[in-house]
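Following: one structure in structure tokens, then a few remarks.
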Amino acid sequence: MRQLFYGRNTDEIIERRLNSSLEKWVREGKHRDPDQPMEHVAKEMDVTKEELSFHFTHRIGKKFYAWRKQLRIEDAKVLLEKREDLSITQIGHLIGINDVSDFRRQFYEITGCYPQQWRNAARNCNIKEEK
């Protein structure tokens, strides 16, 4: 256990600071930056890589890269549904996955279908709702 800091556990202080920093990081869309290693994210949040890794593993229940992938795919789902003017490749670039094969594979891992299938299903749902 870490030292107490003004009567509070240092872990609690780091956890609160990290939660706040991560929320801001996501709001700013930084999870979409391609090839941003965890070391850079930790440095930006003024914690060590080990502290950030511990936070994800023990507090969030996922590894950092899995969490970031989930966020990116959630963004892609919205874009696929709302931005038919964008190609699958363009959406992959917008969410930070520059290789279309990687984007398709990661999308499938999270959703169980490919991006075009998701778009088609969303399109079909919208048609049914309009009738």
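Any read-out appearing in this document is the output of simple, stated calculations on the displayed coordinates, not a laboratory observation. A quick note: this is a predicted structure, and the numbers were derived from the prediction, not measured.
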dims of the stretch 67-130, Cα set, principal axes, largest to smallest, nearest Å -> 34, 22, 18
Once phi for every residue in the stretch 33-38 is put through the Karplus expression 6.51 cos²θ - 1.76 cosθ + 1.60 (θ = phi - 60°), the whole-Hz ³J(HN,Hα) values, with Gly and Pro written as x, are 5, x, 6, 8, x, 4
With Cα springs under 10 Å, the Gaussian network model of the chain assigns the largest mean-square fluctuation among Arg17, Arg32, Arg68 to Arg17
Karplus ³J(HN,Hα) for the stretch 93-101 (6.51 cos²θ - 1.76 cosθ + 1.60, θ = phi - 60°; Hz, whole; x = Gly/Pro) runs 5, 4, 8, x, 10, 7, 9, 4, 5
Using the Kirkwood radius over Cα pairs of the chain, the Stokes-Einstein translational diffusion coefficient at 20 °C and 1.002 mPa s, in µm²/s and rounded to a whole number, is 130 µm²/s
